[in-house]
Amino acid sequence: MRAYLDIETTFDNNISVVGIYIPGRSMIQLTGHQVTDVGIALAMEGVSTIVTFNGASFDLPLIRRSTGLDLRDLAQHVDLLHRCRKRELRGGLKRVEILLGIGRNSGIVDGRLAPRLWHRWETEGDEEALRVLLEYNKEDCVNLEVLENILDGMEGEI
């Protein structure tokens, strides 16, 4: 079973959200104090492959630093960033989405907004900010599956 994982961070580079999308099963979003080794491990139960974008350099090391959990001990890891680079697709996830015509409903295309949204939720209790942040994270996770499918379709083009 595959899981598409993306994290959001705070201004001081702590994890605010861990999003885990398992097609056909669930969309799990752990926030704040829910982001623990046990919480993440339970969410990943039955997963054999974790798919990220720049996760080898960012998401997985930050999860390990924050919780002590090395997800590579639980499942194989596929980093779509490297597959994109082999196809000369440069930039972050949002840029690659634009290049490939992958849409977003939230309209948020700048990850730098995520820490601001978390800050508004944490300091002001702004539920709309949390809702937008979670929708943004969900789109990141779901779009990883779309991106992987597009890249799989390009494999025959080499």
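The values are calculated or read from the model by the stated rules, or taken from the named source; none is laboratory data. Since the structure is predicted, the reported quantities are computational estimates derived from the model, not experimental observations. Every residue, glycine as well, gets a Cβ built from its backbone with ideal geometry; the counts of neighbours run over all protein chains shown. Accessible surface areas use protein heavy atoms only, side chains included; no ligands, DNA or RNA. Shrake-Rupley method; radii C 1.70, N 1.55, O 1.52, S 1.80 Å.
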- line: Compactness summary of segment 72-158: radius of gyration and Dmax from Cα atoms, Å, are 15.4, 51
task: Return the percentage of antiparallel bridges among DSSP beta bridges fully within the chain, rounded to the nearest 5 %.
output: 65
- prompt: How many percent of the alpha carbon pairs in the chain exceed a separation of 25 Å?
  reply: 27
message: Between VAL47, VAL38, VAL132, where does the largest GNM mean-square fluctuation fall for the chain, given springs only between Cα atoms within less than 10 Å?
response: VAL38
- prompt: How much accessible area does PHE11 have with a 1.4 Å probe, in Å² rounded to the nearest 10?
  reply: 130
statement: In whole percent, the fraction of accessible protein surface over the chain that belongs to carbon or sulfur atoms, probe radius 1.4 Å, stands at 49
field: Average accessible surface area per residue within the chain, 1.4 Å rolling probe, Å²
entry: 51
query: trypsin sites (Lys or Arg not before Pro), restricted to segment 32-137: which are DSSP loop and have at most 14 other Cβ atoms within 10 Å?
result: ARG90, ARG112
- prompt: Once label points are set 7 Å from the Cα along Cα→Cβ at both ALA56 and ALA41, what is their separation, rounded to one decimal in nm?
  reply: 2.6
field: Computed FRET value (nearest 0.05) for GLN34 with LYS86, which takes r as the C-beta separation and R₀ as 41 Å
entry: 0.70
message: Given the options GLY153, ALA129, GLY92, identify the residue whose Cα lies farthest towards the positive end of the charge dipole of segment 40-158 (+1 on Cβ of Lys, Arg; -1 on Cβ of Asp, Glu).
response: GLY92
Most mobile of ASP12, ASP37, ASP79 in a GNM of the chain (Cα contacts under 10 Å): ASP12
